[in-house]
Amino acid sequence: MRRVTRLLAALLMAAAVPAPAQAYFENALLSARTASLGGAFVAIADDPSTVIDNAAGLTGITVPSFMFTWQNPYGVDGLDEGFASAALPAGPVALGAAWFHRGLDGALSEDMLTLSVARDLKRTAEDASLSIGLSVELARVSARAGIDESATAFGLGASVLLRPFAFIGMGYSLQSVNQPQLDLVAGGTSTPLRRTQAAGLSYYWDQRLTVTVETHEGADGIWRGRGGIELDASRHLALRAGLDDSRATAGFGVAWKRVVFDAAMRSHETLGASYVVSLRYSLASGEVSRVAP
């Protein structure tokens, strides 16, 4: 039974890598909140997961804030994903650091460290703003199934976030611009850390409802749509739902003082449901949908 479970786990990791690219870090899940919104976040970009999703959003986080995410995809033994990030305002700029991990025990692991910096080009008293962000990615892939090899590569990313009005957000993010190569087996065929990009639009109504839509290009070069809706039912509770291509997502967030707990469910037509949880912490009390007020 254990061998069957391990085989299923290996197939799941392969499923997370779209053919024919065999790209590492594809479909990296950063937060339960983003997952419940169908994966659309580039035009919201207001919590610590923005370190990777849209570094330009760091300028809107005004107090040190942290995030931790974990999931066991589809409940498969030995397969796990984790994410941790920190957002730190630093005078005229904002800084961020994040670590993503995906691993299958005894077989393969993927780890990425991201360092980001962001700056406002323009910000008005009416909360209109234009911000840019830059990121450096350190990616490492290790294999332990029959071989003991690892490969490391550096990538670069850039992003922009425009809020022409307090109720509109527009974002664009480009990751792994230089498409670095990961040569896992010496002398073998190298695999690129393929370029991905996303562009999105968000709308905020009465500080209670957020609607966001996004189009993104995956490592396979195909553009897909996704989006979601977030309702702040109260200062302490948010309800969310979304679509990632044709797959339904849903979730909620609960805030208590400086801590926000997020949970999400993602559906898959073959594998069923998968669940993810996140914990956000801010050095100032925040609302359920935003770490910083």
When the range 59-101 is examined, which residues are found to be more than 19 Å from L279 (Cβ to Cβ), touching a residue at least 60 places away in the same chain (Cβ under 8 Å) and either buried (at least 17 other Cβ atoms within 10 Å of the Cβ) or not acidic (D, E) (or both)? T59, G60, T62, Y74, G75, V76, G78, L79
Just to be sure before I move on: is R140 more than 18 Å from M67 (Cα to Cα) and touching an Asp or Glu at 6+ places or on another chain (Cβ under 6 Å) in the structure I sent? yes
Residues D127, D80, D111, D120: which one is in a strand (DSSP E or B) and out of contact with any Ser or Thr (no Cβ under 9 Å at 6 or more places or on another chain)? D80
Which numbered condition F154 misses (of (1) surrounded by fewer than 19 Cβ atoms within 10 Å (Cβ to Cβ); (2) touching a Pro at 6+ places or on another chain (Cβ under 8 Å); (3) under 15 Å from E26 (Cα atoms)): (3)
Residue among A43, A35, A107 that alone is in contact with an Asp or Glu (Cβ under 8 Å, 6 or more places away or on another chain), in contact (Cβ under 8 Å) with a residue 60 or more places away in the chain and either over 24 Å from S150 (Cα atoms) or surrounded by fewer than 24 Cβ atoms within 10 Å (Cβ to Cβ) (or both): A43
Look at E137 and say whether it is under 19 Å from T59 (Cβ atoms) and of a type outside the set (S, T, N, Q). no
Determine which member of the set L7, L58, L29 is at pLDDT below 95, outside any loop (DSSP other than H, G, I, E, B) and not aromatic (F, W, Y). L7
Could you check S135 against (1) part of a loop (DSSP other than H, G, I, E, B); (2) among the hydroxyl-bearing types (S, T, Y); (3) modelled with pLDDT of 90 or more and say which number it fails? (1)
Does A198 fit the bill of being at negative phi, out of contact with any Leu (no Cβ under 7 Å at 6 or more places or on another chain) and in contact (Cβ under 8 Å) with a residue 24 or more places away in the chain? yes
Pick from the range 262-273, criterion surrounded by fewer than 21 Cβ atoms within 10 Å (Cβ to Cβ) and within 16 Å of the chain's Cα centre (by Cα), ranking: modelled with the lowest pLDDT: M265
Looking only at residues that are in contact with a helix residue (DSSP H, G or I) (Cβ under 8 Å, 6 or more places away or on another chain) and small (G, A, S) in the range 159-180, which one is nearest to D206 (Cα to Cα)? G171
In the range 39-47, is there at least one residue being in contact with a Lys or Arg (Cβ under 7 Å, 6 or more places away or on another chain), of a type outside the set (K, R) and on the phi > 0 side of the Ramachandran plot? yes
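The values are calculated or read from the model by the stated rules, or taken from the named source; none is laboratory data. These numbers were taken from a predicted model, which means no experiment stands behind them. All Cβ positions, glycine included, derive from the backbone under ideal geometry; neighbour counts span all protein chains shown.
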